[in-house]
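Engineer: Mind having a look at this structure? Questions to follow.
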């Protein structure tokens, strides 16, 4: 009878632990919050937008707290958080790509009809966001990569995750991690070679 009952329980349910409120707060404060800056950096490298990065990190931490019983205490909290962030980014990206771009024409008209308009002011807000990166050929080359390639380089070369951890975060086989990382590094090398030639090296 016990065997039949166990067949109806999924592996995820077996691994779930019911933490008390005090333990949940302790895990959140001591195992999740120390990675706040790293999570923001990862989010920014994915979105290139300060507000989107903050929203993505906030969403990630809300989900982390909501599903904290799925987290096994003492395991790699950073990898677990990165996986949540990566999934949130992909889901949000898919949603946005299916929606037509929205423009508040009234706001645009009010801005340009205002007496305080600075005509030299750029309307591309990304300029302010990336101005600190201008001149940094590595950052520019990395940012030019497709998100899948950019992500593996960030996780491996900048964050120091192992192939096994990356496979869990990205939900792909280790072989795919290796081949994607190899391809990403070659693409980055090509972009940097092009840059070097354009600068006369």
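Engineer: For the pair residue 25/residue 66, report the inter-label distance in nm, with labels modelled 7 Å from Cα in the Cβ direction.
Structural biologist: Placing both labels 7 Å beyond Cα along the Cβ direction yields 2.2 nm.
Engineer: On to the next question. May I ask you to sort 137, 164 by Cβ crowding, counting other Cβ atoms within 10 Å and putting the fewest first? Show your work: numbers first, answer last.
Structural biologist: Details: 137 16, 164 12.
Ranked by crowding around the Cβ, least crowded first: 164, 137.
Bear in mind these aren't lab numbers, they're just calculated from the coordinates by the rules spelled out. Predicted, not measured: the structure shown is a model, and the values here were computed from it. Cβ coordinates were reconstructed from backbone atoms using ideal geometry, including for glycine residues, and neighbour counts include every protein chain displayed.
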